[in-house]
Amino acid sequence: MALLIASVSESDPTQMIRAADAAWADGAEAVELRIDALGGNLAPIADHLRANPDRQWIITCRSAEEGGRFNGTATEKAARLRQVASDTRACVDIELAEWEQHPQLREIVSAPEESSDRLRLILSAHRFDGPPEQPTNLIDRMLAVPGAVAKLAFTAGDAMDGLIATDLMQQYGRRVIAVAMGDDGLWTRILAKKLGAFGTFCSPAPDTATAPGQLSLTDMLGRFRWKRLDWETRVFGLIGNPVSHSLSPILFNHWFDQFGINAVYIPLHIGRDSDRVGRFLDACAQRPWLEMGGFSVTVPHKEAVLRRLGDSADYLARSIGAVNTVCIQDGEAVGYNTDCYAAVDSLATAIGCDRADFPGISVDVLGAGGAARAIVAGLREFGCPVTVYARTPEKAAALADTFTCSSAQWEDRPRRQGMVLINTTPIGMWPETDASPMPPDALAGCRLVFDMIYRPNKTRLLLDAEAVGCKTLNGLDMFVRQATMQFALWTGRTPDRGEAFAFLESEISGDPSPHGSSG
Ligand code: NAP
């Protein structure tokens, strides 16, 4: 089983031992000691390793050229590693380039013990300018050294690059550590367990990452349920750009846990170029061993996913022109839209009416993207008069044309007259929390202002609306409703919406509001 390795970097030996002990106590399955930044007397570290021989230690003195802080010679590095690791059962990590060049580094690793499965050597390579051209050549060079485990870490440009890491883990299994660095590759760290790699690295605490994109030990064990994952785990994910603000990983992993379903939900950051999302779906389809069960789709890919799925999207998604849910069954991907009725029901509940009352409620919609299409489709189905304001007039006109409603110039939005205002643009979404799509004095007289954003829970728009006496609604209720429908499509189970809403409210209660306090 892949090991969850907490990577500890400290400049003081006592602090390092303390941080390592905390990581073991918190559930780390191996600990890497990054001695490249360590000053002072190294003897206490060696003593600590000898006193804890049953733990899997990895000793790394990472050179500056490969992302570490060691600037000495190979001879100095060999001495440093020997000082900490010799006469212990620890494993050492040495960069392949230095291993091949410097015999003094090769001498410090004793021959692997045939009788023991304990690892003694990791050979590693780090590429910060993207994936190497021939990753398997590098791995094969490392694995040619008897007893070595190969580690390749490279910066991922988006989720597509992460597939290079998953392919390596699938091909080499326990003999490899493949890391797609950066936020765009963090999903591959989570799948290391499923794919049976040697292990993956995490930070002992949220602010102590030793490489870009490292998740914390708490997140790996808690949010992503590392200990529950295995080779049978099904994979679901959020396709979007950005994805880091999303509550979806928190909610879906919570539900998988609650229902005892062997699955994990991961963020998949995919470049804005609309071709990339299609290529990613194709690449996943070519890798059945990833066992992708489905995706949520968010900004800006909903329309591109619909184009990619074509007739494999259901009637509602096709008539809306956007897919926010993909289900994969027996290798076939089918698209749905759960935003539409989630938005309509959330709105009706907030106004205190039912769908039959909609013809008497005029609505102004800001934006003409996927979410706008979903709610306008639902509002028009139940007879609401709707006016669409969008910065791209052709999109506003096309949307109005499709759903037989009105459109108006974006600049004219302060003169809006509807009873309800709905923001479907990302303006005001974290981290740009001071922005609002409407001047405050244009909100007076609105019966309800509905901002589809849920992070922050009160956007600048909603705060301005409250200030002039409007009722407000954020996107959290809609989010929970559409996610509940997604979960039911993927698993056949229906979670409790009230419990989910309260769970997420507590998760985001510490988010900064536009006023700088918790909201
Ligand atoms: P989308 O397809 O990318 O559409 C975004 C729309 O906003 C487009 O019309 C875009 O105009 C417009 N826009 C973006 N930036 C703008 C700016 N600075 N000024 C004026 N207009 C701007 O995204 P989406 O999927 O519809 O999502 C939109 C928002 O709704 C996001 O914040 C998303 O998180 C939220 N949402 C929430 C839920 C929920 O469950 N609560 C569900 C879905 C979406 P152009 O076309 O000209 O770029």
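The values are calculated or read from the model by the stated rules, or taken from the named source; none is laboratory data. Given the structure is predicted, the values throughout are model-derived calculations rather than measurements. Here the Cβ is made from the backbone with ideal geometry for all residues, glycine too, and neighbour counts use every protein chain on show. With ligands, DNA and RNA removed, areas are computed over all heavy atoms of the protein, side chains included. Shrake-Rupley method; radii C 1.70, N 1.55, O 1.52, S 1.80 Å.
Here are some notes:
- Filtering Ile270, Ile239, Ile250 for residues that are under 20 Å from Arg493 (Cα atoms) and in contact (Cβ under 8 Å) with a residue 60 or more places away in the chain leaves a single hit, Ile250.
- Residues of segment 52-81 satisfying the condition of being closer than 22 Å to Trp24 by Cβ, at pLDDT 95 or above and surrounded by fewer than 16 Cβ atoms within 10 Å (Cβ to Cβ): none
- Put simply, of Leu306, Leu268, Leu290 the only residue that is among the aliphatic types (A, V, I, L, M) and closer than 23 Å to Leu504 by Cβ is Leu268.
- Single residue of segment 356-414 satisfying the filter (over 37 Å from the mean Cα position of the chain (by Cα) and among the aliphatic types (A, V, I, L, M)) that is farthest from the ligand (Cβ to nearest atom): Ala356
- Test for Cys353: is it under 23 Å from Gln482 (Cβ atoms), more than 14 Å from the ligand (Cβ to nearest atom), at pLDDT 95 or above and surrounded by fewer than 20 Cβ atoms within 10 Å (Cβ to Cβ): no
- Candidates Gly260, Gly222, Gly310 - the one that is more than 16 Å from the ligand (Cβ to nearest atom) and open to solvent by 50 Å² or more (accessible area, probe 1.4 Å): Gly260
- Residue within segment 92-108 that is farther than 20 Å from Ala148 by Cα and crowded, with 20+ Cβ neighbours inside 10 Å present: no
- Residue that is nearest to the ligand (Cβ to nearest atom), among those in segment 423-435 that are open to solvent by 40 Å² or more (accessible area, probe 1.4 Å) and touching an Asp or Glu at 6+ places or on another chain (Cβ under 9 Å): Pro426
- Condition met for Asp230 (within 12 Å of the chain's Cα centre (by Cα) and not aromatic (Phe, Trp, Tyr)): no
- Index of the failed condition, Val84 passing every other in (1) among the aliphatic types (A, V, I, L, M); (2) assigned to a helix (DSSP H, G or I); (3) surrounded by fewer than 21 Cβ atoms within 10 Å (Cβ to Cβ): (3)
- Residues located in segment 228-248, provided they are more than 17 Å from Met429 (Cβ to Cβ) and open to solvent by less than 10 Å² (accessible area, probe 1.4 Å): Leu229, Thr233, Val235, Phe236, Gly237, Ile239
- Criterion violated by Glu505 - all others in (1) open to solvent by less than 40 Å² (accessible area, probe 1.4 Å); (2) at pLDDT below 95; (3) within 16 Å of the ligand (Cβ to nearest atom) satisfied: (1)
- Within segment 57-81, the set of residues being in a helix (DSSP H, G or I), out of contact with any strand residue (DSSP E or B) (no Cβ under 7 Å at 6 or more places or on another chain) and not basic (Lys, Arg) comprises Glu65, Ala74, Thr75, Glu76, Ala78, Ala79.
- Selected residue [away from the ligand (no atom under 13 Å from the Cβ), within 25 Å of Glu394 (Cβ to Cβ) and surrounded by fewer than 21 Cβ atoms within 10 Å (Cβ to Cβ)] from Gly418, Gly445, Gly469: Gly418
- For Met160, the criteria (1) touching a residue at least 40 places away in the same chain (Cβ under 8 Å); (2) assigned to a helix (DSSP H, G or I); (3) within 23 Å of Gln56 (Cα to Cα); (4) open to solvent by 10 Å² or more (accessible area, probe 1.4 Å) hold in every case but one, which is (3).
- Residue count for segment 282-307 satisfying the condition of being in contact with a strand residue (DSSP E or B) (Cβ under 6 Å, 6 or more places away or on another chain) and within 16 Å of the ligand (Cβ to nearest atom): 8.
- Count of segment 325-346 residues, restricted to those that are over 12 Å from Met292 (Cβ atoms), part of a strand (DSSP E or B) and of a type in the set (Gly, Ala, Ser), is 1.
- Taking every residue in segment 129-152 that is at pLDDT 95 or above and pairing it with any residue that is in a helix (DSSP H, G or I) and open to solvent by 40 Å² or more (accessible area, probe 1.4 Å), at least 6 positions away or on another chain, the pairs with Cβ-Cβ distances below 7 Å are Pro131/Ile164; Pro135/Ile164; Leu143/Arg175; Val149/Arg175; Ala150/Arg175.
- With respect to the conditions (1) touching a strand residue (DSSP E or B) at 6+ places or on another chain (Cβ under 9 Å); (2) under 30 Å from Arg234 (Cβ atoms); (3) more than 10 Å from the ligand (Cβ to nearest atom); (4) not β-branched (Val, Ile, Thr), Leu462 lacks only one, and its number is (2).
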